[in-house]
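Have a look at the structure below, then the notes.
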Amino acid sequence: MSSMIFGAASSPFTALYLKNKNAEEFRDLYPEAAHAIIHDTYMDDFIGSLEGSDEAAQLARDIVEVQERAHFEVRGWVSNEPDALTLIPQNLRLDSGSTGVDIGHFPQSVRTLGLIWYPSTDELGFNTAALKTSLALPQKITKRHALSSMMRVFDPLGVLAPITIKARIIFQVVWRRGIDWDQEFPQDLSTKWKAWLADVSSAVDIRVPRWHLREAHVPNQAHLIERELHVFCDASEHAYVAVAYWRLVLPDKTVQVSFICSKSRVAPLTPVTISRLELQAATVAARLATSISDAHKFKPSRRFLWTDSKNVLGWLRSDARSFLPFVAHRLADILELSSLDEWRWVPTALNVADDATRQKSDADLKNSRWIEGPVFLKSPQYDWPVEPHNTRLNKDELKPSAKIHSYLIQVGTIPVHPVSADPSRFSQWLRFLRSTARAHQYIRRLRCRANAKASTSHTPASRLRTSVAQLTPLTAEDLRLAQLHILIKCQNDSFPDELAALRLGEPLPRHSKLQKLHVILGSDGLMTLSGRIGAVAESTKATNFPIVLDGSHPAVKLLTHYYHRRFAHSNNETVVNELRQQFWILKLRSTVRAAAHACQYCKIRKAIPLNPPVGNLPAVRLAHHRRPFTFVGLDYFGPVQITVGRRHEKRWVALFTCLTTRAVHLEVVHDLSTDAALMALRRFTARRGSPQQIWSDNGTAFVGAAKFMRELYGPAVQEFATNQNIDWIFIPPSAPSMGGAWERLVRSVKSALKVTLQERAPKEPVLTTLLMEAEAVVNSRPLTYVPTDSNDEEALTPFHFLIGTASTANHYGKTEPQDLWGRSLWRKALRLTDLFWNRWVREYLPTLTPRRGDRTGDGLALGVGDLVLVVDGNLPRGTWPRGRITRVFPGADGLVRVAEVSTAGGVLRRPCKKLVRLPV
């Protein structure tokens, strides 16, 4: 490519990739320019800020130089300092005459990333002309107009949040009332919306300084004494807001407060308590503080997060795990993004975030504290608000606390009765371990609170600070100590007599399970097995002195489950080997097998489909003394390539089999359409007679043919026309075993064709001839035992019922003219046919009697409400659809072999062989 493509989906990525790649190539020569190109360029706009005009001029020249190497022309340069553009050619600067009045070599205003920048005053503003035109009061206020007007106010920094949040609250009320898009607002909402239009029309003239130190006259950032970030949050029943400010301490000890940005959200439609909304506001404040710290080049020296909710502060100083999930998750998010000592309390009257959450009409934001910042931030820190000591915790969000076996003040020591949570309340080892570690933290907190109260008993209440040790993230040492207490508790429960004997230096009791083991008591209070490999390195200490445990203890079962999952549900010997590295568990292998047997993932992974016993044959398979092809099984196979002229085409073969005599009839089918299936059926009916029933699978062509037959014969069939009606029966989907009567014959026909078909793509007449020959071969197969004695009767074949002989060979004997004179010839023919059927009943039917002794899965039949996996051979096991059985179809013997399953993709009918019951 020699030029950039404009308008393609990949064009933005290609441009940015080439821009960054070009900057990386010149990073060694122009490091600052490369960094600015990569990090300060937004699509095709570059925005940079430096301390001095000389540095800015050099950076601008280097950027032009680097971009020109890739044939990117950077033009339209403008700055609030004319000296910063001295090294830029005149033709690359922004033409002031096209944008406004020329004031000191730069334009009056410039569009910058959706906002308006005034270089002369170095301020950011809004497109007032377009906004005032679009926000004109219409004759009819509708939801469509309201949404259009609200979205025209582009305020990415949240400067107008006290104004814009009102429109979103009104729009939420409109949505809650169910007002249509073109329906006029009621009187109350129309009045509120007109008031909002007036407020926003006057507020769009607000301008805020781009540079936070513009009024301080500080040479550079390094001269600042303090750079503090203050974030205020507040919530009401309508919305919750967070707003951020810089508090900059200058060299002359003066303080300047500058607005940064804000984030506002409307309350959800579902009712939420004010306490939860305050917590939501605190979460937004923590995220906003983190975003500002990460985005700015100069990081804050300290951060302060202010809230007027004592309840939120009480939650933050508590254990997050003791609350309901809504509160616990947000507390975890807040404490991950901020530390507890960064949070402060502020009265509602001094909380500047309250200006955006209240429903008060006040559009004068230019000189308000929303832009200027809270007044108390300009005072010394000792004059800031102090939190009162009557903080109360909202206990409505508490959940039942975990049961603790025993309490210990000195958690760091090894106790006789250690602190441990109840293992029966947990299903995972890590949760059990971390809960015990949190219990230790709570005990340490109680001890620190007691010490703090004792040391500050004579301190005035106004100066008293909370000195309670707050809960901090768990460390590896906390988990190690928690595991030590858990293991000691396990040994105290399982081996109380043995531990007592070891502490007294006495031998183990005679009835002890550890009688044959040499156990010792370690310095940490754990009973270990003394091994014989102590001469090796110290790194094998855990292997030489494994901890003795009882496999029947609930905590040990959790530990075994943890190792089973940790090693990817592998074979049991792997888990046994890993546990033996640190522990000596009694009945270890049985414990590991029990863990694997109880693992839900392993149950699902190893579950097998049910395989009920084979059911009774349908009555059509046993309907003797009936015309052949009265009951027919139908299936397709193919495609088969044929030659037509100079091209190859596909053909399919329709196999009709008599379900009683097992005779075969083959027809060539041109395609898989319903019309082709009907024509094949008509040819079959013309040669073999109209069948009474047709059995097939759920092929698309067969379903269409059956529908056409129902329309042809009508919904009601008269009794006298029963023999002319065709009843089409479908076997369940994905159940080829239920169509074995024709599936097996497909293989036989293919075997016969494989022998006779010498060409890869014969012509159609050749294929038709070969199919007829294959049909004759298959119809000549014996159905009964083939005798070896020439005096015995020949084996019965399907041809006996079709043409009266065993095959198409000449089996006719010598005849005489007088053979035609007998009056009972037709009776002889009927008698001959009856003899064939008697032999069929006597010789062939007994071969169908045995029933295969298939396994039956877990021995329990599927029932309505069971959760199952639907086996799909085309998908990996992990992606098989799941569903619930809504209907079962028991057979004549009462056994269920087919069921309907409701899945996410719809209702499926499948045989039990394709359903895997999920363990409950």
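Just so it is clear, none of the values below were taken in a lab; they were calculated from the coordinates. The shown structure was predicted, so the numbers you read here are calculated from the model rather than taken from an experiment. So basically every Cβ, Gly included, is an ideal-geometry build from the backbone, and we count neighbours across all protein chains shown.
Structure above, values below:
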read-out	value
Full-extension gain in nm, Leu29 to Arg909, via 0.36 nm per residue minus C-alpha separation	309.8 nm
Positive-pole candidate from Asn311, Phe298, Phe323, dipole of the stretch 286-333, charges at beta carbon	Phe298
Dipole magnitude of the stretch 148-288, debye to nearest 20 (Cβ charges: Lys/Arg +1, Asp/Glu -1, about Cα centre)	240 debye
Near-label residues of the stretch 879-916 by backbone N, under 11 Å of a point 7 Å along Cα→Cβ of Val864	886-889
Using a Förster distance of 35 Å, the FRET efficiency for Leu521-Asn611 (Cβ separation, nearest 0.05)	0.05
Greater than 22 Å apart at Cα, pairs in Lys513/Lys557; Lys297/Lys366; Lys650/Lys707; Lys140/Lys263; Lys166/Lys299	Lys297/Lys366; Lys650/Lys707; Lys140/Lys263; Lys166/Lys299
Rough spin-label spacing in nm, given labels placed 7 Å along Cα→Cβ, for Arg887 and Arg760	4.9 nm
Point-to-point label distance, Glu336-Glu506, nm (Cα→Cβ direction, 7 Å offset)	5.4 nm
Assigned charges on the beta-carbon of Lys, Arg, Asp, Glu; the stretch 312-359 dipole about Cα centre (debye)	160 debye
Translational diffusion of the stretch 222-368, µm² s⁻¹ [Kirkwood Rh, Cα pairs; Stokes-Einstein; 37 °C; 0.692 mPa s]	205 µm²/s
The stretch 662-678 - phi-based ³J(HN,Hα) in whole Hz, Karplus 6.51/-1.76/1.60, Gly and Pro as x	6, 6, 10, 9, 10, 9, 7, 10, 6, 8, 9, 7, 5, 4, 5, 5, 5
Two-site FRET efficiency, Phe376 against Leu398, from Cβ-Cβ distance with R₀ of 45 Å, rounded to 0.05	0.85
At R0 = 25 Å, FRET efficiency that the Cβ-Cβ distance of Lys750 and His648 yields, to 0.05	0.80
Chain lengthening between Glu184 and Arg626 when straightened (0.36 nm per residue, less Cα-Cα)	151.3 nm
Label-point separation, Thr86 to Leu918 (7 Å along Cα→Cβ), nm	7.5 nm
Added length on full extension, which subtracts the Cα-Cα distance from 0.36 nm per residue, Arg447 to His329	39.8 nm
Karplus-derived 3J(HN,Hα), 6.51/-1.76/1.60, for each residue of the stretch 169-184, Hz, glycine and proline x	5, 5, 5, 5, 5, 4, 5, 5, 7, x, 6, 6, 5, 9, 8, 5
Radius 13 Å from Cβ of Arg747, net charge of other residues (Lys, Arg +1; Asp, Glu -1)	+2
